[in-house]
Amino acid sequence: MISKAWFKNVLDVVPGEKGYHPVRFTAEQLQLYGENEAFRVRSQCSSGGMLDLLTDSTFVRITYYVEEGCRDWLYFDLYVNNRFVGSIGSDELKTGEGSVLFELQGIHKPGSLRRVSIYLPHVAVLHITGIEFSNESVVEEAPSHAKQLLCLGDSITQGMDAKRPSSAYPVLLSRYLGMNLLNHGVGGYFFNKDSLDRRLPYQPDWITVAYGTNDWHRWNTLSELESKAEGYLSTLKELYPDAMLFVMTPIWRADWNEPKAMGSFAEVMGTIEKVSRSIGGIQLIDGLDIVPHQPSYYGDRTVHPSDEGFLHMALNMLKRMRADGNRG
């Protein structure tokens, strides 16, 4: 038996012919993303989603079905009592049926309940077909956190190009801050106020916004970017007037000094800063201060941070968020 209560950091877990599908977005949002094939696939990935249990089981076996993916790898990450234990997966993403076995014997005392948290792959459309435990073991829902974090953004927010799902910066932020997480990162996306659903059944205390790197080549002029960013951020402030709102300008990328039709990378950053200041009540984070300006910290050596790059990203974001959050 699979209990929906075991899943965290998702809006819903939808049963179907292929299994239980953890879902991050509302039906209206999925319909919008579904108008583009690349966005459809990325929006259906379970980025940030996890199984979060209290159990004395000696193992957890997960069987699953992979429908499709947006990267070539697939990993599950295990934490026991909030301590990272390891990853199981492969650098080769295979569609169809699969399984992973997490041995818990020896990790904790026999018969004692421990918190077992398993982060699901962030770059695959995954359906859970079964979850098995040792005979007569106790399995309970782990408690949720008191506060909620919403991370909005593109592929970098979704977690590309980390191999391990818990390396994505939204997961690292949520673990350090002790908050529930909803990762609304969609690879390739941009400032679009229509992607915000007023009926989203999730009330965030803190929000991060990280768009701009795709806007740089999507719009023809800085005035278009300004209009899109203003519409998006104004709507967000209207929807969540009491939330701490952090807007991060785009992080370093290998081609940041190459001009585009819209203008320079610096002008894109300046436009986002200008809009944020004009709206007010927004804490700005300078993206160029967040990840080392070296291709070796990027999984694709150009745009998307690696696991190590995301660690730098999260640490540097936290420095600024904690300072601003304490003032808020």
Glu140 meets each of (1) without any contact (Cβ under 8 Å) to a residue 60 or more places away in the chain; (2) among the charged types (D, E, K, R); (3) not in a loop (DSSP other than H, G, I, E, B) with one exception, condition (1)
Of all helices (runs of 4 or more DSSP H) fully inside segment 183-294, the set with 2 or more residues that are exposed (fewer than 15 other Cβ atoms within 10 Å of the Cβ) is 222-239, 265-279
Taking segment 268-286 and the residues there that are of a type in the set (Gly, Ala, Ser) and touching a helix residue (DSSP H, G or I) at 6+ places or on another chain (Cβ under 7 Å), the one that is nearest to Arg218 (Cα to Cα) would be Ser276
Out of (1) of a type in the set (Gly, Ala, Ser); (2) touching an Asp or Glu at 6+ places or on another chain (Cβ under 8 Å); (3) farther than 13 Å from Leu51 by Cα, the one Ser99 does not meet is (2)
Check your understanding: Based on what the data block shows, is Ser174 in contact with a Phe, Trp or Tyr (Cβ under 6 Å, 6 or more places away or on another chain), in a helix (DSSP H, G or I), in contact (Cβ under 8 Å) with a residue 24 or more places away in the chain and buried (at least 20 other Cβ atoms within 10 Å of the Cβ)?
Key -> no
Flagged pairs (Cβ under 7 angstrom, 6 or more apart or on separate chains; first in segment 43-68, more than 18 Å from Glu132 (Cβ to Cβ); second modelled with pLDDT of 95 or more and among the hydroxyl-bearing types (Ser, Thr, Tyr)) are Ser43/Tyr33; Val66/Thr95; Glu67/Thr95; Glu68/Thr95
task: State yes or no: is Asp307 surrounded by fewer than 16 Cβ atoms within 10 Å (Cβ to Cβ) and under 22 Å from the mean Cα position of the chain (by Cα)?
output: no
Using the structure shown, decide if Glu97 is under 18 Å from Lys163 (Cα atoms), in contact (Cβ under 8 Å) with a residue 12 or more places away in the chain, surrounded by fewer than 17 Cβ atoms within 10 Å (Cβ to Cβ) and touching a strand residue (DSSP E or B) at 6+ places or on another chain (Cβ under 7 Å).
no
Filtering segment 7-35 down to residues that are touching a residue at least 40 places away in the same chain (Cβ under 8 Å) and of a type in the set (S, T, N, Q) yields Asn9, Thr26, Gln29
Review point. Quick one: would you say Trp252 is touching a His at 6+ places or on another chain (Cβ under 9 Å) and farther than 29 Å from Lys8 by Cα?
Key: yes
Taking segment 128-145 and keeping only residues that are touching a strand residue (DSSP E or B) at 6+ places or on another chain (Cβ under 8 Å) and over 27 Å from Arg71 (Cα atoms), one is left with Glu132, Phe133, Ser134, Ser137, Val138, Val139, Glu140, Glu141, Ala142, Ser144, His145
Of the residues in segment 295-308, those that are in a helix (DSSP H, G or I), in contact (Cβ under 8 Å) with a residue 40 or more places away in the chain and either out of contact with any Ser or Thr (no Cβ under 8 Å at 6 or more places or on another chain) or over 23 Å from Asp215 (Cβ atoms) (or both) number 1
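The values are calculated or read from the model by the stated rules, or taken from the named source; none is laboratory data. Source: prediction; values computed, not measured. In this analysis, Cβ positions are derived from the backbone assuming ideal geometry, glycine residues included, and neighbour counts consider all displayed protein chains.
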